[in-house]
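The values are calculated or read from the model by the stated rules, or taken from the named source; none is laboratory data. Predicted, not measured: the structure shown is a model, and the values here were computed from it. Here the Cβ positions follow ideal geometry from the backbone for every residue, glycine too, while neighbour counts run over all protein chains shown. The accessibility values were calculated without ligands, DNA or RNA, using every heavy atom of the protein model including side chains. Shrake-Rupley method; radii C 1.70, N 1.55, O 1.52, S 1.80 Å.
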Amino acid sequence: MVAAIPASERVNESGRLPPGRLLPRGALSLVEPVPMILYDHPLSGNCHKVRMLLSMLGLKAETRFIDVVNHAHIGVGFERLNPLLEIPVLEDGTEVIPDSQAILVYLARKYGPDWFPTEAPNAAQVVRWLAFAAFPIAASLQPARLYHLIGEDGDIQALNARCARVLAVLDSHLAGREWLVVRPSIADLACFPYVALCGDARLSLDPTPHVKAWVARVKALPGYVSMPGLD
């Protein structure tokens with residue numbers, strides 16, 4: 001809990017403390033905003049979606065490592081941030097937003113509206129691809145990667161068949177267009193990581209050249225940041 005700041009130590013209208021006064025240790029400055037906090041794991045594709053958008057929007061966030069692989073976040077209060085015990089979670093002031101797709105929407109609507117078109121048809125298409133990232137990709141490319149990366153249980157033959165179907169759908173959609181919707185949007189960032197991390201799943205993008213070209217275009221966007229497996 002932050003201690004109350006006596007009246008003699010509060011900032012004045014100019015944004016400065018009275019002469020000779022310093023904020024008590026642990027007190028929040030009223031002239032410096034509290035940074036956003038991203039509960040993160042460096043190998044998480046879902047977290048990487050958020051890291052990319054933060055960078056592309058020029059926003060800074062304090063990252064806090066959450067060891068989901070070893071389940072070290074269970075029983076230590078993390079469920080207050082996300083009852084599903086999943087990352088990422090973003091704290092922005094008093095706002096707490098779990099789920100990578102929800103965080104992308106929040107950041108785009110609050111800080112980068114160009115990333116989420118407002119025209120009804122285009123907005124609907126963005127939501128379509130957010131849902132595609134949340135289920136078809138999350139039920140195929142993501143677990144196939146974890147099967148090889150950390151030995152997570154799964155029927156790898158069934159997963160590979162799902163991966164092939166997902167990549168074929170993306171390749172067909174991207175034939176003749178550069179982006180999933182009309183311009184770079186959170187739809188592209190939502191779908192990008194686990195597609196681009198196909199190498200971790202021991203899959204190749206060579207059979208889907210339109211997807212491969214799209215991955216290169218995302219990597220060329222201003223502010224793009226990489227992660228292990230994408231270099």
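When the expected Rg is taken as 2.2 N^0.38 Å, what fraction or multiple of it is the alpha-carbon Rg of the chain? Can you show the working numbers first?
Values: Rg = 20.8 Å, N = 231, 2.2 N^0.38 = 17.4 Å.
Rounded to two decimals, the normalised Rg is 1.19.
Roughly how many debye, to the nearest 20, is the charge dipole of segment 89-197 about its Cα centre, given +1 on each Lys and Arg Cβ, -1 on each Asp and Glu Cβ, and no other charges?
On the way: 8 positive and 12 negative charges, 68 e Å.
That gives segment 89-197 a dipole magnitude of about 320 debye.
When DSSP assigns beta bridges and you keep just the ones with both residues in segment 20-179, what percent turn out antiparallel, to the nearest 5? Can you show the working numbers first?
Working: 7 of 12 bridges.
Rounded to the nearest five, the antiparallel share is 60 percent.
Among Arg109, Arg51, what's the order by accessible area (1.4 angstrom probe), most exposed first? Don't skip to the end; give the middle numbers.
Numbers: Arg109 160, Arg51 45 Å².
Heavy-atom accessible area, descending, gives Arg109, Arg51.
Heavy-atom accessible area of Lys212 with all protein chains present, probe 1.4 Å, nearest 10 Å²?
Spelled out: Lys212, probe radius 1.4 Å, area about 100 Å².
Enumerate the aspartates and glutamates that Lys219 could reach by cross-link, defined here as Cα to Cα under 16 Å, with residues fewer than 8 away along the same chain left out.
Those aspartates and glutamates meeting the cut-off are Glu178, Asp188, Asp231.
What per residue convex hull volume, in Å³, do the alpha-carbon atoms of segment 105-163 yield?
Values: hull volume 5.6 nm³, N = 59.
That works out to 94 Å³ per residue.
Give, rounded to the nearest 20 debye, the magnitude of the charge dipole that the chain has about its Cα centre when Lys and Arg contribute +1 at Cβ and Asp and Glu contribute -1 at Cβ. Don't skip to the end; give the middle numbers.
Values: 21 positive and 23 negative charges, 86 e Å.
My answer is approximately 420 debye.
Using a cut-off of 29 Å between alpha-carbon atoms, which lysines can reach Lys212, once sequence neighbours fewer than 8 places away in the same chain are excluded?
Lys212 reaches Lys49.
Rounded to two decimals, what is Rg over Rh for segment 70-188 when you use alpha-carbon atoms and the Kirkwood radius? Provide the component values of the computation, followed by the final result.
Values: Rg = 16.8 Å, Rh = 16.4 Å.
Ratio of gyration radius to Kirkwood radius: 1.02.
If packing is taken as the average number of other Cβ atoms within 10 Å across a peptide's residues, how do 121-131, 61-71 rank, most packed first? Provide the component values of the computation, followed by the final result.
Working: 121-131: 16.0, 61-71: 14.4.
Put in order of decreasing packing, that is 121-131, 61-71.
How big is segment 152-212 by the Kirkwood estimate over distinct Cα pairs, in Å?
Details: mean 1/r = 0.0807 Å⁻¹.
Computed over Cα pairs of segment 152-212, the Kirkwood hydrodynamic radius comes out at 12.4 Å.
In the chain, what percent of the accessible surface is made up of carbon and sulfur (1.4 Å probe, ligands and nucleic acids excluded)?
It is 56 percent, rounded to a whole number.
222 nm [θ] for the chain, helices only, -39500 (n - 2.57) per DSSP H run of 4+, per residue, to 500? The partial results should precede the final answer.
Numbers: 7 runs with 88 residues, N = 231.
Taken over the chain, the calculation gives -12000 deg cm²/dmol.
Once the other residues with Cβ under 13 Å from the Cβ of Gln125 are scored (Lys, Arg +1; Asp, Glu -1), what is the net sum?
Values: positive: Arg128, Arg177, Arg183; negative: Glu119, Asp188.
With Lys, Arg at +1 and Asp, Glu at -1, the net is +1.
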